[in-house]
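A quick write-up on the structure given underneath.
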Amino acid sequence: ERRGDLTGRRVVVSAGGTREPLDPVRYLGNRSSGKQGHALAVAAAERGARVTLVTSAAADLPGVEVVPVETALQMRGAVLAAAAEGDVVVMAAAVADFRPATYAPAKIKKTHATHVDGTDDDSAPTITLVRNPDILAELVQTRGASDSPVIVGFAAETGDDDGSVLDHARAKLERKGCDVLVVNEVGEDKTFGADDNTVTILRRSGGQSVEVGPATKAVVSDAVWDVVATLL
Ligand code: C5P
């Protein structure tokens, strides 16, 4: 019986694409809508969990404590803090791998280089990027040899049409050291922003992978919680 099978469990879900600011009006972002993560949060609450949703996509969801964030660094802080008390952490967010090395406190001008003689030039600025921390990797590292919290990662893979998506995903699951990896194929109009999703759910402990979809993100969410529930 699904309803109530997560009662009393503390669940942390991250969702949405992080936004990495360049200046007060501009950011580097991605196409993640946050819909799958939000559906996961709602589904967990319906099954009785106490849910903290760390998200870059504004949301008011029934039974869910929402922590709004914008950047990867903010998401890291909020996720690690909530995870310290969590039984399960699901990293459904599309965390930016890189952020601009510097933040310009005033809007970057079209004529950006003002020389000592007072002239401008119309060359384009160069944006230098630095790596963001890998939150999922930190969760796994922090957990150490303990088996709590259960850690779930997502992998957005663009298929190469050679059946290699699952091989890549298995390797990623081993490399990342999380317990479950939810793999979805992404592309121009697939998954991002869509209401439906098609995923394969892999367990590090082995066993059959679970294929779901095309199905609503709510149905996909319940399939993910079904797998997680077996690990609690
Ligand atoms: O390696 P890749 O970015 O494909 O891994 C995706 C998984 O790692 C997702 O669960 C995502 O939320 C997480 N991730 C993270 N921190 C990053 C990048 C990805 O937690 N900086």
Relative contact order of region 1-150, defined on C-alpha pairs under 8 angstrom at six or more residues apart (%): 27
Per-residue SASA entry for Asp134, accessible area with 1.4 Å probe, Å² rounded to 10: 70
Residue-averaged [θ]222 nm for the chain, counting only DSSP H segments that reach four residues, each worth -39500 (n - 2.57): -7500 deg cm²/dmol
Most mobile of Val165, Val13, Val150 in a GNM of the chain (Cα contacts under 10 Å): Val165
Protection proxy ranking of 226-232, 72-78, 14-20 - average other beta-carbon atoms within 10 Å, highest first: 14-20, 72-78, 226-232
Degrees, to the nearest 10: 72-83 long Cα axis against longest axis of the chain: 30
Heavy-atom accessible area per residue - region 2-112, 1.4 Å, Å²: 49
Total lysine pairs whose alpha carbons fall under 30 Å of each other in the chain (8 or more apart, or interchain): 9
Burial order of peptide ranges 49-55, 95-101, 201-207 (average beta-carbon count within 10 Å, highest first): 49-55, 95-101, 201-207
Kirkwood Rh in Å, taken over the chain so that all alpha-carbon pairs contribute: 18.8
Simple Cβ-charge dipole of the chain, Lys/Arg +1 and Asp/Glu -1, about Cα centre, in debye nearest 20: 640
Rounded to whole Å, sorted largest first: equivalent-ellipsoid semi-axes of region 1-45, Cα gyration tensor: 32, 10, 5
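The values are calculated or read from the model by the stated rules, or taken from the named source; none is laboratory data. Bear in mind that the values here come from a model prediction, so they are computed numbers and not experimental data. Don't worry about glycine lacking a Cβ; one is built from the backbone with ideal geometry, like all the others, and counts go over all protein chains shown. Calculation scope for accessible area: heavy atoms of the full protein, side chains included, ligands and nucleic acids excluded. Shrake-Rupley method; radii C 1.70, N 1.55, O 1.52, S 1.80 Å.
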